Structures are given as C-alpha cells and as structure tokens.
1. Can GLY179 be described as in contact with a Gly (Cβ under 8 Å, 6 or more places away or on another chain), within 16 Å of PHE127 (Cα to Cα) and not charged (D, E, K, R)?
2. Kindly check whether there is at least one residue in segment 188-204 that is of a type in the set (S, T, N, Q), over 21 Å from the mean Cα position of the chain (by Cα), at negative phi and outside any helix (DSSP H, G or I).
3. Between a first residue in segment 41-52 that is not basic (Lys, Arg) and a second residue that is not in a helix (DSSP H, G or I), which pairs have beta carbons less than 7 Å apart while being 6 or more apart in sequence or on different chains?
4. If a residue must be of a type in the set (A, V, I, L, M, F, W, C), open to solvent by 10 Å² or more (accessible area, probe 1.4 Å) and within 18 Å of THR283 (Cβ to Cβ), how many such residues does segment 69-121 contain?
5. Of these, LEU249, LEU245, LEU285, LEU266, which one is in a helix (DSSP H, G or I) and touching a Gly at 6+ places or on another chain (Cβ under 8 Å)?
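The values are calculated or read from the model by the stated rules, or taken from the named source; none is laboratory data. If you're wondering where the values come from, they're calculated on a predicted model, not measured in any experiment. Here the Cβ positions follow ideal geometry from the backbone for every residue, glycine too, while neighbour counts run over all protein chains shown. The protein model used for the area step is the full one, side chains on, heavy atoms only, and it has no ligands, DNA or RNA in it. Shrake-Rupley method; radii C 1.70, N 1.55, O 1.52, S 1.80 Å.
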Amino acid sequence: MNVLIVLESLFPVFILLVVGKLLRLRGLTNEFFLQTVDRLIYYFFFPVMLFWKIGGTSFDAGIDWAFCLACLLTVVTIFVLSTLAIWALRISPFQAGSFSQSCYRFNTYIGVAVVLNSLGVEGLRYFGLAISFSIPVVNFFAVSLLLWFSEKEYEPGKRWTMTIRAIVSNPLILACCAGLTYASLVGNFPVFLDNAFALIGMPALPLALISIGGSLTFSGSRAHLKLSLVASACKLVILPATGYLMFILLGVVGLPFKVGMIFFALPTSTAIYVLSSQMCSDTELASAAIVVSTLFSFASLSLVLLM
C-alpha cells in the first residue's frame, strides 16, 4: 500500500520532468519558450493557483504556529550549517552564494504537485503556510549571503534595498498572504470565481514541471559534482532530519507533520540559477546542484511518503 502511494504521488511528477526534457531534446521547446513559460508560471499561473487553493479553505481551527516555527527553525539551522561549510570546505567567494542557496532553497512547483497528489487540498493549506513563512526568510538569507561574498561593489544601503525588494515583490509570497487573508475573512469563493480559478490553475503544474525538465542540463555537472553532492546531501538528508527533530520537539503531528516532511525533502529551487546569474555567483555550480538534487529527490520524497 505504501509503495502504491509513492508511485501514485511521484510518478506523475517525474514523468512530466522527463517529458519536459524529451520535448527540449526533440526541438519542440527551446530556451526562449521555457523562459517565457517560467515568467508566466511565476508571475501569473502559480500565484493565482496558490491564492485559489489557500483562499478557499477554512482557518476556523487557527494557524498551526508550532508547525510554522518548526519550518522556520529548520531553514535557519541549515543556513547556519551551510555557511559554516563554506569556511570548512574553503569554498571560494564566487561559489559560496550558489552553494549556500542549494542547501536550503526548495522547489515550490514540485512541492505543490506532490502534496496535491498525496494529501489533497487540505495538505496544500499547510504547504501554503510553510512557504508563506519560509520564502521571505530564504530570500533574505540567499540575497544577503550572495551580496556578502560578492566581489561587486555596491552603494551604501543598496544591499538592504535589494534584499527587501526581493522579498516584498515575490509573487508567491503575495499570493500566499492574500490567500491566507481571504481564507480568514471569507473562506470560500462564489461558483463563477471558483470555476474561473480552476481553469487558470489547470496548466500551472504541468507547465511548471515540463519547464523544469526542459531546463535541466548535465553539461557542468561533472566538473562541480563534489560540491553539488555535498549541497544535495545537506538539502535532502540533513535538512529533513533536522526538520523531523524540530517536529518531534515542538509536538507537530498528523497532517502538518506529513506536509512538513514533504516540504523538507524537496529538491533545491531552479531559482538559484537565476539569482546566481544576477548576482555574479557560479551559475555552473547552481545548475549542477539543481540537476543532482532533482535526481536524488526521488529517493528522499519516496522515503518520506513511505513513512
């Protein structure tokens, strides 16, 4: 039965990743198409879907603050450990930002797909809580560390401005916050709006997964295999183990526990490549970390679902 749950939850996700890669190899998609799709997903389809799924649920029981705190403490712990690893492993400033991000940033698209397949809409409510509280912290850590190790000179105060802008302009954060607010005040949508949101949300996950698959490249993986394996071990082994301990200590059980463990076991975000490129960090390492983490996440997610 547990094996069937893993198959039903993960096979649709990973088959779409493979389809995305095959479409790219066959020339049916290209870099321009994938970049356009990424923007559509990031700024429109996914925010609308998250607002709809979260906004249409009831929060009569209140927010599970122990769950939210455990997620935050886990991310903070891994950030600290990844920063210490930069010095311990003597990682160069050029690679430091990309390495650090790949240890704790998470792929929201794959997370939503797995949670919906395995735990349904109610599970997505808790996933929305996890990312609503975690994304601002993750962005703050990522941008701050990239700026700290950057060899580029910035004007006084520019670093803080860039960090705050990255947080307040994030469409996923805005969608989750709007959804939580709407759910707290109303909790349901009129049928005509519900149907409209359903149509808009339909292409979000398939397009996101096909885009991720099409963007995966193995060209620089061998040259950066060692660091990408270390980062993936941090993301897929140490982070879930830390999260598990946090949940035990704070008494998180039931559905929040299940959602949280899926959240912890996710591969690193494809956004680390874009941010590394924008802030003069090692994009080849970022790309290698994304590929390695995505491949090994099948094992980490399978283990979590078997639990």
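1. So GLY179 passes the test.
2. Yes: one or more hits.
3. Filtered contacts from segment 41-52: PHE45/PRO203.
4. So the count comes out to 2.
5. The conditions single out LEU285.
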